[in-house]
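The values are calculated or read from the model by the stated rules, or taken from the named source; none is laboratory data. Fair warning: this is a prediction, and the values are worked out from it, not measured in the lab. Quick reminder, even Gly has a Cβ in these numbers, built from the backbone with ideal geometry, and neighbours come from all protein chains shown. We work out accessible area using only protein heavy atoms, side chains counted, and drop any ligands, DNA or RNA first. Shrake-Rupley method; radii C 1.70, N 1.55, O 1.52, S 1.80 Å.
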There are 2 protein chains.
Amino acid sequence: MRRSLIILVLASLATSVRAEDGYELWLRYHPVSDPALLEHYRTALSGVLIEGGYSPTLNAARDELRMGLGGLLAREVPFVGKAGQDGILVAGTPATSALIAGSDLSNDLKSAGDEGFVIRSIRAAAKRQIIIGANTDVGVLHGVFHFLRLLQTHQRLDSLSIAEAPRIRHRLLNHWDNLDGTVERGYAGFSLWDWHKLPDYLPRRYKDYARANASIGINGTVLTNVNANAVSLTPEYLKKAAGLAAVFRPYAIRVYLTARFSAPIEIGGLKTADPLDPQVQGWWKQKADEIYRYIPDFGGFLVKANSEGQPGPQQYGRTHADGANLLGDALAPHGGIVIWRAFVYDDKVPDDRAKQAYNEFKPLDEKFRSNVLIQVKNGPIDFQPREPFHPLFGAMPGTPLMMEFQVTKEYLGFATHLAYLGPLFKEALDSDTFAKGAGSSVARVIDGSLDGHTLTGIAGVANIGSDRNWCGSVFAQANWFAYGRLAWDHALNSEAIASEWIRMTFSNDPTFVRGVSSMMVASREAVVEYMTPLGLHHLMARDHHHGPGPWVSGGPRSDWTSVYYHRADENGIGFDRTATGSNAVAQYYPPVADGFASLERCPDAYLLWFHHVGWNHKMRSGRTLWEEICRHYQGGVEAVRRMQATWQSLEGSIDSERYEETRVFLKIQEAEARWWRDACVLYFQTFSNKPIPKECEQPDQGLDYYKSIVTRYVPGTARPIR
Amino acid sequence: MRRSLIILVLASLATSVRAEDGYELWLRYHPVSDPALLEHYRTALSGVLIEGGYSPTLNAARDELRMGLGGLLAREVPFVGKAGQDGILVAGTPATSALIAGSDLSNDLKSAGDEGFVIRSIRAAAKRQIIIGANTDVGVLHGVFHFLRLLQTHQRLDSLSIAEAPRIRHRLLNHWDNLDGTVERGYAGFSLWDWHKLPDYLPRRYKDYARANASIGINGTVLTNVNANAVSLTPEYLKKAAGLAAVFRPYAIRVYLTARFSAPIEIGGLKTADPLDPQVQGWWKQKADEIYRYIPDFGGFLVKANSEGQPGPQQYGRTHADGANLLGDALAPHGGIVIWRAFVYDDKVPDDRAKQAYNEFKPLDEKFRSNVLIQVKNGPIDFQPREPFHPLFGAMPGTPLMMEFQVTKEYLGFATHLAYLGPLFKEALDSDTFAKGAGSSVARVIDGSLDGHTLTGIAGVANIGSDRNWCGSVFAQANWFAYGRLAWDHALNSEAIASEWIRMTFSNDPTFVRGVSSMMVASREAVVEYMTPLGLHHLMARDHHHGPGPWVSGGPRSDWTSVYYHRADENGIGFDRTATGSNAVAQYYPPVADGFASLERCPDAYLLWFHHVGWNHKMRSGRTLWEEICRHYQGGVEAVRRMQATWQSLEGSIDSERYEETRVFLKIQEAEARWWRDACVLYFQTFSNKPIPKECEQPDQGLDYYKSIVTRYVPGTARPIR
């Protein structure tokens, strides 16, 4: 016995040498390292009872418990047939489990809804039990993941009393994945979806993707790029999507597709895609019927129309509402939804792109079918390191608005920069629109509570690709995790989410958790500082968006340049969006608008977003604006160096493989932060004509050097091959 | 103790649930399953002694032994300081190890050369020892991999007496990888090289790539596509290549790059790339000097010139020799080599493309510098499932010729089709050119023994990509393995190599080995049968080459069509390459040429390669040609079904993950074999006007259906983004 154990150990060790490659994500079920806690868990969990029902979803819950408890408790926890002994974990629904039906959960279960759950430590017939109850099998699955998270984060099980339900109904990932395997703005390799081998070949990775999503409550995934390809709606590709849907179904992850508005022409052979044309309407109805034959629980369509060259209803003199309702009518008989993006700007360059979505969509409020949601990016430009919240939130009370976050770091340093986006997400969600007075947060707009919507949603543009570690770096996984956790419950604290993620991903060691948490919590602000401090935005290099390009001007349209946004001149810098400028502030409700419009009251963080400010303007710090800009760029670099120092102090706390990855990436980040700082400060200096303050490091090179850098073959920019 | 062991076991089991994803390749060091053999190994190997020297290469050998023996013997085998006890494995070189210097290996070591090794079971001072001796550290490393392979394949260690040295000096992989991450004709995901994160980020995978190559004796890798990009020669990218070279160096894998002939214009700012222009010559010399500053052991350049649109010396009225010598002169001071490809065809469509390389290169024999090799594909067209050997082999005795095999399965079903290429490689290597009478095999041309060359080489177009299993399928790994083993020793038997690979990759279970070996050995012939039987060739779909396209005609040039090659008409089918046709047979030496030219003596396998044959021609089988063609197509499908049946009979012999992958891929292969059969037979039937014989399955669909199939987004066809 002992001998064969040793053999097994050594064999396992030999093969697990390479294991720390990040593939496991936060679903790590390694043995609990604290002996007392391990004993506590073993005592509390002598067996598992999932009563009645062998649905695919309950089987997934069983598998997860078997794997999770077996790993965490470092022993097999038996599945039992009855709850006679002490320490049984009972999981199920009232419909299939007499024990759950008989327990005192009915009140809590009322509020658990279709996806929530209740976890309780109870005593039944003098025996300790832990109950995971839910109204549905997927609620049980969510409860199981939540319960395993308790163990992964070293929480005691004596007096559990947890009741959870998601605040938002549709919690989606948006994959910007092309059918040729490239991913637009993807920095984690190429597409997860191996279309060529689908639907026959369904590698384990698809299931692990579903597990990871279900573990944080994500319940839908849009497989294809918003810059859509009609081919994805052909039978050949619907069969492939159906293959994925079958893998995801036990985990209650629904599949969605992007619908190219001109598909009736491109794959339907029609002469028009006019949404009021009966043939077009018929084509979409038949297409929807066809899709549901392949994928009975198909989620619906995500549409980018009349934006950045995509076709749309405006080509036919119709409105976005006409377009969205066309698809809404087609999907309605099947229960599908339409998610119509508000990220639009047409061929004419506007005086201020920040105003365009509001101008186009606000007049359409209440004009959409009941199964249509409007998906709005968190800010009015495009996923910048910091933007004020989008003025559409609160402006369309008669229409359900969905939040669109970007989890992939298109403007935040790609795969290598450590930028934890929990604080960014929270900043947007917690922003008060004042739509119905104080307390009208963006979160309350999108969770429906402000305006009484029951159809609600949130989307994150995925950062997931074929890289072994899924996201291009281990720390980028935290953004997938944080997005999912906040989609489930936007009231969660981003620091607490970071702590949870660190414990699940790396270690419960308090020093490690504290150190890494401090890095993560400060990281997004560091990126803001070395890229776009004080409300600056859209300063990146053209097209691929890697590295600084504050000098970018000319080209096809001025709102694709940097100078359009920063407007630096010898007098000062910043985009005047007050009444003397574009007056974008007027799109916000008065208390917000007034604050943004006032040079005195506008927060420093948004100063140059809303104001053109003189170089000598005295800041709250006492410094001039020029000095303040320089200080912020320098501060961003210093913040990265602090992350490096913290990380180095933690060497040895975790495996060398993930330690080393992060060490190298922080080195790249520090170098690129200096690149951003030096390029931007030198460029802005050509307008300010002032010296870089002594307390800031002087650039190594002249401006011409930074302008001469050409970065080639940047990930995430490949175009689909048609 | 026992308790913590159990914990470790369970933890390791929990985390190794997903382990069987093919990542380990054939370097699996799982515990020896046969108890008696395990005991034998443990007795024979009580300790390891690597005397003297801590070079990176000897350290790599130590690491491999630690990992390999620890896993296989399921216990740590200690590294000891002296060989006092029984059962010590002694490894080293005479230069650093007194034990090796003092042992009786000197004769064997003479023939081991710079890379070979000797393995012996000996008795020293009445103690049993195993010695791995070599003249160089890399020889020791090769010996270590060989030794571990003995254990992996369950061979006894009592009386080892092995002496090995490679027969060919440069054993290279050619990666057709683009700087944007795409891989031309790559079916295993995207490029292994993450250029964007190089040289800072060097994930473990690069080292495992080097280990895998070193384990089979590959000693060089061309990182970039032969359709070359001059950017790869800029300092920015040389630094990145140097990062890879540093990882590969301990494993004695040298880095090579493809040289775009027009690079002096594109990145050098010159007006010409004329090889006789002194400025151009100076530019290449400086470029070579620069490369060697970054990569001191840089291998050299691989060049595709004046072929398929690539620039080359002929643009300036110069010859291939002028071009190759230009680069040869630049590299010579550093010891680098030039590998110049003979796969050429110019803009004018020739009467027979099969003749072109011979016509262009034979007159240049003896005109190349001493550090230039000419790389010749195995056959005269392009990596078809079967081709006769290339007539250049034997035709240029004054020039070292390198073999170019395609390991990636561009024309053999891509990732999913099981096609073991060992027999294909052997068929080419063993072909007798009769250049100096009988026994003048292709292998003897390329190993230098026929014509007395010491500069020798062989190349395989890699099938390696970012897919977790490296090659797109587990069975495709066998082709990488077989290529490397044959590059080291072309005298090996392809069935024995298959057996070795099966044992190392899957299992030593005799039933399993026998069954899988039978599948592998028959697999390539199956592909020939359902794609291109009886000497047919180039029948695939245009451009992406996936699936059948015997009807392909028209387009930019006739030698990119199928009809150019099969020449089917109402009288018959096949390309007349005898004296009444293109007379390509005349490029072979008389005994070969006569055999190919004779309708009676030409082997069936090459019949339609060399002859246009009437539909009613009586074959050796007694059937008409038409019936024979149909029988072969049907036979290919049946062979795949036999593979399916064999595989299904082995279910349970190995892990379910790799079992299932292969099961699904065989299912795809069977369907695609039917697709090939039905499309080809129906199309050729339009010429033969004869019924499909009753013993063959009748197609499900009509010809129009097969012609209407459009396969989109086929892997391996992405174009680099410039």
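Apart from one condition, residue B:193 fits all of (1) within 14 Å of another protein chain (Cβ to nearest Cβ); (2) touching a residue at least 60 places away in the same chain (Cβ under 8 Å); the exception is (2). When the criteria are applied in full, residue A:389 fails the requirement of being under 20 Å from the mean Cα position of the chain (by Cα) and at positive phi. If the condition is being within 14 Å of another protein chain (Cβ to nearest Cβ) and hydrophobic (A, V, I, L, M, F, W, C), then segment A:46-80 contributes A:65, A:67, A:69, A:72, A:73, A:74, A:77. Which of the residues spanning segment B:114-132 are assigned to a loop (DSSP other than H, G, I, E, B) and at pLDDT below 95? Scanning segment B:114-132 gives B:125, B:126. If you check B:149, B:211 for being open to solvent by less than 10 Å² (accessible area, probe 1.4 Å), within 25 Å of residue B:119 (Cα to Cα) and part of a helix (DSSP H, G or I), only one passes: B:211.
Do we have any residue at all in segment A:84-95 that's within 14 Å of chain B (Cβ to nearest Cβ) and either of a type in the set (Gly, Ala, Ser) or not in a loop (DSSP other than H, G, I, E, B) (or both)? There is no residue in segment A:84-95 that is within 14 Å of chain B (Cβ to nearest Cβ) and either of a type in the set (Gly, Ala, Ser) or not in a loop (DSSP other than H, G, I, E, B) (or both). What do you reckon, is residue B:397 farther than 23 Å from residue B:606 by Cα and part of a loop (DSSP other than H, G, I, E, B)? Here the answer is yes, as residue B:397 does meet what is asked. For segment A:670-693, the criterion of being within 13 Å of chain B (Cβ to nearest Cβ) and of a type in the set (A, V, I, L, M) is met by at least one residue. Scanning segment A:442-461 turns up no residue that is more than 26 Å from residue A:304 (Cα to Cα), within 14 Å of chain B (Cβ to nearest Cβ) and either at pLDDT 95 or above or in a loop (DSSP other than H, G, I, E, B) (or both). The residues of segment B:636-659 that are within 14 Å of another protein chain (Cβ to nearest Cβ) and touching a helix residue (DSSP H, G or I) at 6+ places or on another chain (Cβ under 9 Å), listed by number, are B:644, B:657, B:658, B:659.
Can you find even one residue in segment A:707-721 that is of a type outside the set (A, V, I, L, M), assigned to a helix (DSSP H, G or I) and out of contact with any Ser or Thr (no Cβ under 6 Å at 6 or more places or on another chain)? Looking for residues that are of a type outside the set (A, V, I, L, M), assigned to a helix (DSSP H, G or I) and out of contact with any Ser or Thr (no Cβ under 6 Å at 6 or more places or on another chain), one finds at least one in segment A:707-721, hence yes. Reported count of residues in segment B:17-45, each being within 12 Å of chain A (Cβ to nearest Cβ), open to solvent by less than 30 Å² (accessible area, probe 1.4 Å) and small (Gly, Ala, Ser), is 1. Looking across A:416, A:454, A:433, one residue alone is in contact with a Phe, Trp or Tyr (Cβ under 6 Å, 6 or more places away or on another chain) and over 30 Å from residue B:200 (Cβ atoms). It is A:433. How many residues does segment A:157-187 hold that are under 21 Å from residue A:469 (Cα atoms), away from chain B (no Cβ under 14 Å) and hydrophobic (A, V, I, L, M, F, W, C)? Adding up the residues that qualify gives 3. Within the group A:214, A:228, A:210, which residue is more than 21 Å from residue A:478 (Cβ to Cβ) and more than 11 Å from every other protein chain (Cβ to nearest Cβ)? The conditions single out A:228.
Per-residue answers, yes or no, for (1) assigned to a helix (DSSP H, G or I); (2) more than 24 Å from the chain's Cα centre (by Cα); (3) closer than 23 Å to residue A:358 by Cβ:
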{"position": "A:261", "(1), (2), (3)": "no, yes, yes"}
{"position": "A:264", "(1), (2), (3)": "yes, yes, no"}
{"position": "A:283", "(1), (2), (3)": "yes, yes, no"}
{"position": "A:286", "(1), (2), (3)": "yes, yes, no"}
{"position": "A:311", "(1), (2), (3)": "no, yes, yes"}
{"position": "A:325", "(1), (2), (3)": "yes, yes, yes"}
{"position": "A:328", "(1), (2), (3)": "yes, yes, yes"}
{"position": "A:338", "(1), (2), (3)": "no, no, yes"}
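Evaluate segment B:133-142: report whether one residue or more is within 14 Å of chain A (Cβ to nearest Cβ), out of contact with any Lys or Arg (no Cβ under 7 Å at 6 or more places or on another chain) and part of a loop (DSSP other than H, G, I, E, B). Checked segment B:133-142: no residue is within 14 Å of chain A (Cβ to nearest Cβ), out of contact with any Lys or Arg (no Cβ under 7 Å at 6 or more places or on another chain) and part of a loop (DSSP other than H, G, I, E, B). In the set (1) at pLDDT 95 or above; (2) in a loop (DSSP other than H, G, I, E, B); (3) in contact with a helix residue (DSSP H, G or I) (Cβ under 6 Å, 6 or more places away or on another chain), residue B:366 fails one condition alone, (3). For segment B:642-667, the set of residues classified as within 19 Å of residue B:529 (Cβ to Cβ) and open to solvent by 20 Å² or more (accessible area, probe 1.4 Å) consists of B:642, B:644, B:645, B:646, B:667, listed by residue number. Considering B:186, B:217, the condition of being at positive phi and either of a type in the set (Val, Ile, Thr) or touching a strand residue (DSSP E or B) at 6+ places or on another chain (Cβ under 8 Å) (or both) is satisfied by B:217 alone.
Matching residues to (1) touching a Gly at 6+ places or on another chain (Cβ under 7 Å); (2) surrounded by fewer than 16 Cβ atoms within 10 Å (Cβ to Cβ):
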{"position": "B:290", "(1), (2)": "no, yes"}
{"position": "B:305", "(1), (2)": "yes, no"}
{"position": "B:311", "(1), (2)": "no, no"}
{"position": "B:328", "(1), (2)": "no, no"}
{"position": "B:335", "(1), (2)": "no, yes"}
{"position": "B:363", "(1), (2)": "no, yes"}
{"position": "B:366", "(1), (2)": "yes, yes"}
{"position": "B:372", "(1), (2)": "yes, no"}
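Confirm whether residue A:521 is crowded, with 17+ Cβ neighbours inside 10 Å and either modelled with pLDDT of 95 or more or assigned to a helix (DSSP H, G or I) (or both). No.
Exactly one residue among B:228, B:241, B:273, B:246 is assigned to a helix (DSSP H, G or I) and open to solvent by less than 10 Å² (accessible area, probe 1.4 Å), and that residue is B:241. Among the conditions (1) in contact (Cβ under 8 Å) with a residue 40 or more places away in the chain; (2) under 17 Å from residue B:225 (Cβ atoms), the only one that residue B:340 does not satisfy is (1).
With the structure loaded, tell me whether residue B:266 is within 14 Å of another protein chain (Cβ to nearest Cβ), open to solvent by 10 Å² or more (accessible area, probe 1.4 Å) and under 20 Å from residue B:331 (Cβ atoms) or whether it fails that test. It is true that residue B:266 is within 14 Å of another protein chain (Cβ to nearest Cβ), open to solvent by 10 Å² or more (accessible area, probe 1.4 Å) and under 20 Å from residue B:331 (Cβ atoms).
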